[in-house]
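Here's the structure, in structure tokens; my notes come after.
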Amino acid sequence: MPRLEILKYPETQLFEKSAAVSEIDGALQSRINRMFDTLYMSEGLGLAAPQVGCLQSFFIYDLSHHEDEPKHGPGPIVVLNPEIVEMEGEEIADEGCLSIPGYFEKVSRAYRVQLKGQDREGKDIRIEAEGLAARLFQHEIDHLNGVLMLDHLSSLKRNIFLRKFKKKQKYAESK
Ligand code: CO
């Protein structure tokens with residue numbers, strides 16, 4: 001199956017809010033399958049539907065092969081209509097995003113979260129996570145609200161990013 005195109009910053013759809021998933025049908029299942037293909041081929045850990053141009057509230061992830069996170073396998077996992085119901089603590093760590101390729105920056109997130117939502121069959125699920133998995137949940141849910149990791153940076157760091165980004169854009173245009 002061909003991989004889906006991952007929208008890159010500053011594509012406008014990345015700033016829009018997703019709608020709740022209400023219908024679990026074949027189209028949704030095949031989109032989920034294609035998103036996993038896309039995730040694995042891009043070597044990412046998680047992917048939210050709006051990143052592939054679908055403004056529906058769900059994300060997928062797979063941490064089963066991640067060396068830092070053996071206990072949060074198994075993947076692959078789909079969470080429809082995710083909602084964080086509890087969060088606690090704080091951790092600052094490096095974060096990246098498939099929609100902002102090549103960019104990594106320290107972002108402050110809650111250390112532990114409890115998430116509720118539905119699995120790909122529509123069954124209610126609740127997941128407790130800490131560290132990397134908790135960070136991933138917060139990052140992906142942000143995508144569903146049109147929020148990017150850039151929105152969590154200090155204005156100084158954000159300005160540095162924007163300056164570099166514009167420079168890169170200009171360079172690409174001049175080629
Ligand atoms: Co992202």
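Here are the numbers:
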read-out	value
Answer residue from segment 130-153, given it is farther than 19 Å from residue 89 by Cα and among the hydrophobic types (A, V, I, L, M, F, W, C) and is surrounded by the most Cβ atoms within 10 Å (Cβ to Cβ) among those	144
Tally, over segment 138-175, of residues that are within 12 Å of the ligand (Cβ to nearest atom) and assigned to a helix (DSSP H, G or I)	11
Hits in segment 154-173 (condition: surrounded by fewer than 16 Cβ atoms within 10 Å (Cβ to Cβ) and either touching a residue at least 12 places away in the same chain (Cβ under 8 Å) or within 14 Å of the chain's Cα centre (by Cα) (or both))	157, 165
Residue 6, sole failed condition from (1) within 16 Å of the ligand (Cβ to nearest atom); (2) modelled with pLDDT under 95; (3) among the hydrophobic types (A, V, I, L, M, F, W, C)	(2)
Index of the failed condition, residue 67 passing every other in (1) open to solvent by 60 Å² or more (accessible area, probe 1.4 Å); (2) among the charged types (D, E, K, R); (3) at pLDDT 95 or above; (4) more than 26 Å from residue 28 (Cβ to Cβ)	(3)
Only listed residue being among the β-branched types (Val, Ile, Thr), open to solvent by 70 Å² or more (accessible area, probe 1.4 Å), farther than 22 Å from residue 14 by Cβ and assigned to a strand (DSSP E or B), chosen from 92, 127	92
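The values are calculated or read from the model by the stated rules, or taken from the named source; none is laboratory data. Predicted model, so just to flag it, every value in this text is computed and none were measured. Here Cβ is always computed from backbone atoms with ideal geometry, including for glycine, and neighbour counts include all displayed protein chains. Calculation scope for accessible area: heavy atoms of the full protein, side chains included, ligands and nucleic acids excluded. Shrake-Rupley method; radii C 1.70, N 1.55, O 1.52, S 1.80 Å.
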